[in-house]
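Below is one structure, written out as structure tokens; comments come after it.
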Amino acid sequence: MHQFKVVVLGAGGVGKSALTVRFIQDKFLEHYDPTIEEAYRRPITVDGETSALEVLDTAGAEQFTSLNEVYIKAGKGFVLVFSLTQEASLKEVDHLRKQIYRIKGDTGGSIPIVVVGTKLDLVTEREVHQNTIQTLASRWGLPFYETSAKRNWHVSEVFENLVRQMRVRYPTTEKPRPPKKKGPCLIM
């Protein structure tokens, strides 16, 4: 079974924990409690194949962003989160995207990344327009999803897409075990 470490990154208050907890526990966190770091595990079946995900929900607060480099080095896939109700949160996603490419040493776009706009249900508070997202998606060459953790809209699709990308980027190469050497039995 594939095992993947997924890192959820984004500015503070954009809904990283709500998205993560909705996916892992199928619950909605009504109250915002700033996260320092939370790790979750969950199996996920995509296209008939089960993978084990370790999802690291990171802090968005400025004082903890120095940890991002450690998280990025350890991660195999990344969920970059912004709020559809905060256009400024998109700048942080762009910064994180560039940081991932720099740390992973890959600008060819083969790093598994999904960009997620949260709070889709808050229609009257929306600041990020769909044409902005479409422009960035095509410029960055990354999949974008608009989600609502509260309504459970498109949350599982985010992680399913990421699993598909990680399977391509990190294929399982089952190495045949060498046959056990049968020799004399020694009892000492």
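Just a few scattered comments:
- Answer from 99, 86 - the residue that is polar (S, T, N, Q), under 20 Å from residue 68 (Cβ atoms) and assigned to a helix (DSSP H, G or I): 99
- Residue in the stretch 50-64 that is more than 17 Å from residue 93 (Cβ to Cβ), at pLDDT 90 or above and over 14 Å from the mean Cα position of the chain (by Cα) present: yes
- Residue 172 satisfies every condition listed in (1) within 21 Å of residue 53 (Cα to Cα); (2) not in a loop (DSSP other than H, G, I, E, B) except (2).
- Selection of the stretch 141-154 for residues being part of a strand (DSSP E or B) and of a type outside the set (S, T, N, Q) yields 144, 145, 146, 153.
Residue by residue, here is whether (1) crowded, with 21+ Cβ neighbours inside 10 Å; (2) free of Cβ contacts under 8 Å to residues at least 40 places away in the same chain holds:
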site: 47; (1), (2): no, no
site: 60; (1), (2): yes, no
site: 79; (1), (2): yes, no
site: 82; (1), (2): yes, no
site: 110; (1), (2): no, no
site: 118; (1), (2): yes, no
site: 124; (1), (2): no, yes
site: 127; (1), (2): no, no
site: 137; (1), (2): no, yes
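- Residues of the stretch 126-140 include none that is among the aromatic types (Phe, Trp, Tyr) and either within 12 Å of the chain's Cα centre (by Cα) or assigned to a loop (DSSP other than H, G, I, E, B) (or both).
The values are calculated or read from the model by the stated rules, or taken from the named source; none is laboratory data. Note that the coordinates shown come from a computational prediction; the quantities given were computed from them, not determined experimentally. Neighbour counts are summed over all protein chains in view; Cβ atoms, including those assigned to glycine, are modelled from backbone coordinates with ideal geometry.
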